[in-house]
Amino acid sequence: MIRRMLLLLWIGAVPQISLAADVKQPVFIYLFSRMEDHLNIEIWEDHLQQTLPMLERHRNRYPQYHAAALLQFTGAVSESLESRNRSNRLRDTILDLARKGIVETGYDGSEEPTYRTRARPNFRRAGTLEERWLARGEAAEWFLTEYRHPVTGEPDPERTGGLKKMLAVFGRAAFIGGYSEELGGDPESVHHIRRLAARAILPGIPESTTWPARDLRGYGGSVEWTGKLLSPEADTAPELFWQDGYLRCSNTSGPTVHVVYAHSGLAALKEMLEKLDRSRPHVIRVQLGEQGMFLDPAFEKSLFSTTIRYTYDNPKSARLPENAHRARPEIEAACDREAALLEWLAEEYFQANPGSRFILGGELLSMAQTRTDSSVPQAALRAATENLLAQWKETGNQPPNYARAGGDYFSLADMFQMLASSLAEFHRSGAMPPSVRLHHVYGPLDMHSNQGPSSGEVTVRSIARECVGLAAGLNDETWRPLPSNMIPAWISVDGFRLNAAQFLRLMGEAFLKADAGAGLRVRTCQMFSGLAFVFPYSRRQAETGATWTLKPALLRLAQ
């Protein structure tokens, strides 16, 4: 299977990748810390009370490198910090540093109470893909908004929890993670996140050591090729890409890149930085306050996973035993190693690598260009369409990964929505609009293997007429459990039942011809691009329509 994927990529996608190894692109260090154990919260409060002043001192000493960190909380931790704020003022301190740009707040639901009672979709009566979407969305809504008992995880829908609680306590989430246990796309969860936090970074590709990635055969090869295909130019990073209208930041993009624990010392970070392919910029996530710096090595070795999972498995005590903790001098030594790592980056690495520095998610969002939610001139859409069809000639009956026009990338879903909107106006007025607004859309609900009819002819007029109804739905971003702005899997035109890829290609040809009476040849086409084939997935392949929304994140590196 993997060999077939790589062959497809070699034939159809590699020519898009340009290498520029002469110039060393910058490395951005994305510091983050996760507070995920609300039952032993004193450990992490103690670490933050040491870490936050350290960040502030570092920021004042090296202002040019923008020292700052993302602090991620569960809903349960957010509630604990809110209730304890009167005594330690830690939440107030975090909010004050957020206003200064030294920290940003985020959400991670990986350890919400509890893994045994985690809200999961009920597919028992979900016989259709629409019903499966709704089942996933229902579970996402419960998970993101409902309170859960801190020890048993028993839900209480009358109280606020999850992401909704984190937002109530801290105001905004710059990064939202830990909400999905699937790979290959998470549009149902994204659909519910969009109602709560429209602007945030979401997780990209996890490391192979995490579930379910560790159970996927050929995962390493998929990750590496995904990183290459989503960084085709010198101003695109393998760890960043757009999916479902959100910027994604990956923990890995190949065998070299992985999350670094700051307390482990300089060696691991130095080794990784030396091995990086510097023809592209990179975003490296460095974790502050990883649990290993607080736990006795023998106890940590006995853990299945995290400290909070230990207490979930021992609900009668719901606390770590005394022998679980490292001695205080060891913890202080680990904190010193974290400070030394930041010091080395500022004193040596950043100075030797111009443009490299610390970065926050908000800055990444400002740097990553996208035309979504803006007007795209007809000339730009024409250039993107010409690029799409030129690539299609090379890939045959497989759609390209995405389209490019000047300084912009457009996903297959972007192109579908913009072409449908333009042709709908052409049908109404007889002329293409001077510009078209690019709205957020979701990929097809059904990524089937049916390649559609292989011969026949339709007219530009018929394609444009069908676009009137399509555009109305695609441009409707009104929130509902099953969204209207979703690429249809099938479209009927002049007696032909065409799949979405066939129709996209015909729309591109109709847009360029702009002659209502002109005929267009129907050709067979797969639904999967080379990128869609290689993108790692754990859900059903038929439910990976989010791959239609993938596109590179072009970075404004001059900032």
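The values are calculated or read from the model by the stated rules, or taken from the named source; none is laboratory data. Note that this is a predicted model, so its numbers are computed, not measured. Note that we place each Cβ from the backbone using ideal geometry, even for glycine, and neighbour counts take in every protein chain shown.
One residue alone among Leu216, Leu167 is at pLDDT below 95 and farther than 30 Å from Ala340 by Cβ, and that residue is Leu216.
The set of residues in the range 392-411 that are out of contact with any Gly (no Cβ under 8 Å at 6 or more places or on another chain) and closer than 20 Å to Ala234 by Cβ comprises Tyr402, Ala403, Arg404, Ala405, Gly406, Gly407, Asp408, Tyr409, Phe410. Among residues of the range 541-559 being out of contact with any strand residue (DSSP E or B) (no Cβ under 9 Å at 6 or more places or on another chain) and assigned to a helix (DSSP H, G or I), the one that is surrounded by the fewest Cβ atoms within 10 Å (Cβ to Cβ) is Gln541. Only residues that are touching a Gly at 6+ places or on another chain (Cβ under 9 Å) and in contact (Cβ under 8 Å) with a residue 60 or more places away in the chain were counted in the range 214-224, giving 1. Exactly one residue out of Thr145, Thr128 is hydroxyl-bearing (Ser, Thr, Tyr) and over 25 Å from the mean Cα position of the chain (by Cα), and it is Thr128. Name the single residue, out of those in the range 123-132 being at pLDDT 95 or above and not hydrophobic (A, V, I, L, M, F, W, C), that is nearest to Thr74 (Cα to Cα). Per the stated criteria, the residue is Arg132. Residues in the range 273-312 that are hydrophobic (A, V, I, L, M, F, W, C), at pLDDT 90 or above and in a loop (DSSP other than H, G, I, E, B): Leu276, Leu288, Phe294. Looking across Glu347, Glu363, one residue alone is closer than 19 Å to Val286 by Cβ, touching a Phe, Trp or Tyr at 6+ places or on another chain (Cβ under 9 Å) and surrounded by fewer than 16 Cβ atoms within 10 Å (Cβ to Cβ). It is Glu347. Between Ala140, Ala135, Ala119, the distinction of being within 25 Å of the chain's Cα centre (by Cα), in a helix (DSSP H, G or I), touching a residue at least 12 places away in the same chain (Cβ under 8 Å) and closer than 16 Å to Gly75 by Cβ belongs to Ala140 only.
Working only within the range 379-416, note down all residues that are free of Cβ contacts under 8 Å to residues at least 60 places away in the same chain, touching a strand residue (DSSP E or B) at 6+ places or on another chain (Cβ under 9 Å) and assigned to a helix (DSSP H, G or I). Across the range 379-416, the qualifying residues are Ala379, Ala380, Ala383, Ala384, Asn387. Here the condition is being under 24 Å from His38 (Cα atoms) and either surrounded by 21 or more Cβ atoms within 10 Å (Cβ to Cβ) or of a type in the set (A, V, I, L, M) (or both); of Ala237, Ala174, it holds for Ala174 alone.
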